[in-house]
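Structure first, then comments.
Read-outs: derived from the displayed coordinates by stated rules, not from any lab. Please read all numbers here as calculations on a predicted model, not as lab measurements. When we count neighbours, we look across all protein chains shown, and the Cβ atoms used for this are built from the backbone with ideal geometry, even at glycine.
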Amino acid sequence: MKPTVLLRATTLAAIVLAAACNESNGPTPLPDRTFNQVQRLGNPLVSEVFLAKRDHGFHGSTAPTIDLAAFTPGIRGFVDNVAGRDSTVGKTLAAVLLPDELLVQSDKATNTAGWLTWALANGWGGRTLTDDVVTAGLQAVFGSLLNPNNTTAALADDHVDANDVAFGTTFPYLAAAH
């Protein structure tokens, strides 16, 4: 092999190795691109039930880092004043629902997945397709889950039954719209 060919091959190999050995955990963002967050909704019912309609846009366009300061009064105010529940229910819901993120405890068994299982049942967290988050939320506010002495049973269920079409067995799992 000629020395110039060997030098070129060695230089090329060094460039490839240098490019592959950066300390980034992912692709480097392009400096000339900006992104605009359109919406976020980790826990259903946070903005849809507990927050005033005028706060929906603000909630959807902000980061979870401000949730405790910005939205705790709204959740507690709704639970205490509109729903008429004991103040401990509002405190508990604000503590569990804020910041508005879906948490996953990857050290737990995946068969314990479900909405708020990370907080209420030492579970995996996240949400499954079969989670009835509306009824779960209504039960937390109006049912006996958080306070057995302050309930309104008629408001603790959305009365929507299971899906009328089975989920698929491959991604994206949802049934076709009909």
Label point 7 Å out from Leu120 along Cα-to-Cβ: which residues of region 38-79 have amide N under 14 Å? 43-46
Gain in length, Val104 to Ser61, computed as 0.36 nm per residue apart minus the alpha-carbon separation, to one decimal in nm? 13.2 nm
Based on the Cβ-Cβ distance from Gln37 to Leu68, what FRET efficiency comes out when R0 is 22 Å, to the nearest 0.05? 0.75
So for Ile66, Ile75, fewest C-beta neighbours within 10 Å to most, what's the order? Ile66, Ile75
Counting just the Cα atoms, what span does region 50-163 cover along each of its three principal axes? Round to the nearest Å and put the largest first. 38, 35, 27
Taking neighbour counts of Cβ atoms within 10 Å as a proxy for exposure, in what order, fewest first, do Lys108, Lys53 appear? Lys53, Lys108
